[in-house]
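The values are calculated or read from the model by the stated rules, or taken from the named source; none is laboratory data. All values derive from a computational prediction rather than experimental measurement. Cβ coordinates were reconstructed from backbone atoms using ideal geometry, including for glycine residues, and neighbour counts include every protein chain displayed.
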Amino acid sequence: METIKALPLRSVRISADPDTGPLGSVTLPITWDDVAARAMLDLSLSQGPLTFEDAVMPWLTMIQANISGDEKLGVDRCREFLDLLLQRQVAPTAGLWQGQHDRQGGFIVNVASFCGHGSFDGPGYIAALRRVCDTLREIHAHTGTQLNGELPLFDSPDEADINASPLEDTLLPRRAGTLLLTNIDAALAALGFDYDSDAGRDAACYIAWLTSSVARQNAGPVPLPPTACPIAGLASIGEQIRDEIDHADDSLPSQPLIETGFSAPGPIDCILGVDACGFAPIFSPLNENGALRASTLARLAYKGFTPETALAAAFAGQAPLTQPDIAAHLAMHRAVAGFVDRMPARPDPTLVLSPQSRLERGQRRLLPQRLNGVSMRVSIGGQRLYLRTGEFDDGSLGEVTINAARGNSMVKGLIDSLNQAVSIGLQYGVPLDVYVDQFAYARYGIGGTVEGDAAANHASSITDYVFRSLSETYLGVKLPDIGPELEHDPMTSADPFLPFEANSESSDRDGAHRQHLRVV
């Protein structure tokens, strides 16, 4: 497209994996950062240098090919979406980005990109939503029969068309795609609302309701609006949408449903340059380069602070900004759940991350060049095992290596995969106690008496010993050899197979004890 060729672009050599991946050349818009370049490389299905045109043409071509009407209409639609992408407002989901015809399409909307100077671009937001919904329905009309047979995630709130044949209803499911919102907290910051506040939750709820109302227009029942709308000028737009729904022509055929929800962490969010995916809060005021985020500067400005005065207030013992916690995330989840179709997993309010594991989304904590740790050589049921660990500079666990002296290539390969999975998780901030809860007392394969480590006298498996040993070394918690849930398990009793043993207190008629048959 001529528009793409006229863009100011820049080239960067970068890797999809910042730690180990090979470097590749990526050409992208000059205003996009290296995180977006890495995401483009991650989404690319080809090897070699990646240009911006090569990255966006698969889904633009798919849109153009499925737009009803003349060729000019399809070209104009592609230009509209390209403009939305360049402004980092709207981008297709990964499947649509890669031009996969057998996957249901979807788009992710960066809500914060429609906010600026304390105002919300309501008309622009509604226009973008309608363009997305129309495009998804047109794509679905042409490619609905090519889907790979995935079952729908939700029951459709609308009834099937009574005039459609059973075959038509089977071939053309009533769901045309998904519309996901992201970067809600940055939008609230730009509008002057705190994430953990009633006004912030009301604003998020109204944006979610407005999105679902547009997506469900002529496609199904619309949820009732929230009781309050703190965003200036948005309530009147919502009333207009409700009037259009109330006065819709019932004789018109029902449109396929567009499901709404919030995005999960992924490369598309990185392309859009979001601060926090979906409706999640921004837990850190700093970006990956250590500078203040734009959302942080916006919140400080609304509170009457400049970066300098905020720093002075911090030195004086004040808190210019209060960072939201998991309880605030849970409160937001409860507030917006009734206004969209699809919700991410509910936040766990009991999960408290340590300072070492409270990392930015997608940020990996690197181990030092010279590793400290422990090295153990033990025997479990007569089988020799080696356990080594690597530690961060503060002494916390960052790497686990388990080596079995005996075993076939498949077993050694699985153990090596476990080593890498656990080590990567630790470096990305997964607390050790999560692994301990998952793997301690696992029962399989090699087990028996443990020799060489006082952390355990008996282990039911390799992972049982390893993670109980790590618990004592790095968490200071010594776990017993038998877990509470296994104390009465017949598999761990002294005599595991006694199918014919009689009660020791019973006797024969002559008073002699019965003979016991023990199967060992």
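Any residue at all in segment 437-450 that is over 13 Å from Thr463 (Cα atoms), out of contact with any Pro (no Cβ under 7 Å at 6 or more places or on another chain), in the same structural domain as Gly395 (by TED's automatic domain parsing) and not basic (Lys, Arg)?
Taking every residue of segment 437-450 in turn, at least one turns out to be over 13 Å from Thr463 (Cα atoms), out of contact with any Pro (no Cβ under 7 Å at 6 or more places or on another chain), in the same structural domain as Gly395 (by TED's automatic domain parsing) and not basic (Lys, Arg).
Exactly one condition in (1) among the small types (Gly, Ala, Ser); (2) modelled with pLDDT of 85 or more; (3) surrounded by fewer than 21 Cβ atoms within 10 Å (Cβ to Cβ) is not met by Gly106; state its number.
Tallying (1) among the small types (Gly, Ala, Ser); (2) modelled with pLDDT of 85 or more; (3) surrounded by fewer than 21 Cβ atoms within 10 Å (Cβ to Cβ), Gly106 fails exactly one: (3).
Based on this model, can you work out whether Arg242 counts as among the basic types (Lys, Arg), part of a helix (DSSP H, G or I) and without any contact (Cβ under 8 Å) to a residue 40 or more places away in the chain?
So Arg242 passes the test.
Would you be able to tell me the number of residues in segment 403-440 that are in contact (Cβ under 8 Å) with a residue 12 or more places away in the chain and not in a helix (DSSP H, G or I)?
Final tally of qualifying residues: 9.
Can Arg174 be described as at pLDDT 85 or above, within 25 Å of Arg103 (Cβ to Cβ) and over 24 Å from the mean Cα position of the chain (by Cα)?
no
Of all residues in segment 192-233, which are in contact with a strand residue (DSSP E or B) (Cβ under 8 Å, 6 or more places away or on another chain) and not in a loop (DSSP other than H, G, I, E, B)?
Ile207, Ala208, Thr211, Ser212, Ala215, Arg216
Could you tell me how many of the residues in segment 477-508 are surrounded by fewer than 18 Cβ atoms within 10 Å (Cβ to Cβ) and at pLDDT 85 or above?
Qualifying residue count, segment 477-508: 3.
Could you please let me know if Val35 is within 24 Å of His142 (Cβ to Cβ), outside the structural domain of Arg131 (by TED's automatic domain parsing) and of a type outside the set (D, E, K, R)?
no
Pick from segment 65-74 the residues that are surrounded by 14 or more Cβ atoms within 10 Å (Cβ to Cβ) and touching a residue at least 60 places away in the same chain (Cβ under 8 Å): which of them is nearest to Gln100 (Cα to Cα)?
Asn66
Does Asp121 satisfy the criteria of being under 17 Å from Ala186 (Cβ atoms) and without any contact (Cβ under 8 Å) to a residue 24 or more places away in the chain?
Yes: the conditions hold for Asp121.
Which one of these does Ser357 not meet: (1) hydroxyl-bearing (Ser, Thr, Tyr); (2) surrounded by 14 or more Cβ atoms within 10 Å (Cβ to Cβ); (3) under 30 Å from Ile207 (Cα atoms); (4) at pLDDT below 85?
Failed condition: (3).
Which condition does Pro157 not pass, out of (1) within 28 Å of the chain's Cα centre (by Cα); (2) modelled with pLDDT of 90 or more, if it passes all the others?
Unmet for Pro157, out of (1) within 28 Å of the chain's Cα centre (by Cα); (2) modelled with pLDDT of 90 or more: (2).
Those residues that are loosely packed, with under 13 Cβ neighbours inside 10 Å and small (Gly, Ala, Ser), I need them from segment 315-332; list them, please.
Ala316, Gly317, Ala319, Ala327
Yes or no, residue by residue, for (1) without any contact (Cβ under 8 Å) to a residue 60 or more places away in the chain; (2) assigned to a helix (DSSP H, G or I); (3) closer than 26 Å to Ser11 by Cβ:
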residue	(1), (2), (3)
Ala55	yes, yes, yes
Ile63	no, yes, no
Cys78	no, yes, yes
Gly95	yes, yes, no
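Condition check: under 21 Å from Gly273 (Cα atoms), modelled with pLDDT of 85 or more and surrounded by fewer than 20 Cβ atoms within 10 Å (Cβ to Cβ). Does Ser119 satisfy that?
The answer is yes for Ser119.
Here is a list of conditions, (1) touching a Phe, Trp or Tyr at 6+ places or on another chain (Cβ under 7 Å); (2) in a helix (DSSP H, G or I); (3) at pLDDT below 85, and Thr463 meets all of them except one; can you say which number that is?
Unmet for Thr463, out of (1) touching a Phe, Trp or Tyr at 6+ places or on another chain (Cβ under 7 Å); (2) in a helix (DSSP H, G or I); (3) at pLDDT below 85: (3).
Looking only at residues that are touching a strand residue (DSSP E or B) at 6+ places or on another chain (Cβ under 8 Å) and more than 18 Å from Trp97 (Cα to Cα) in segment 24-48, which one is surrounded by the most Cβ atoms within 10 Å (Cβ to Cβ)?
Checking each candidate, the answer is Gly24.
Note down all Cβ pairs under 7 Å where the first residue falls in segment 288-312 and is among the basic types (Lys, Arg), the second is part of a helix (DSSP H, G or I), and they're at least six residues apart or on different chains.
Close Cβ pairs (under 7 Å, with a partner that is part of a helix (DSSP H, G or I)) amount to Arg299/Ala189.
Can you find, within segment 1-23, the residue that is modelled with the lowest pLDDT among those that are in a helix (DSSP H, G or I) and either among the β-branched types (Val, Ile, Thr) or surrounded by 13 or more Cβ atoms within 10 Å (Cβ to Cβ) (or both)?
So, considering only residues that are in a helix (DSSP H, G or I) and either among the β-branched types (Val, Ile, Thr) or surrounded by 13 or more Cβ atoms within 10 Å (Cβ to Cβ) (or both), the one modelled with the lowest pLDDT is Thr3.
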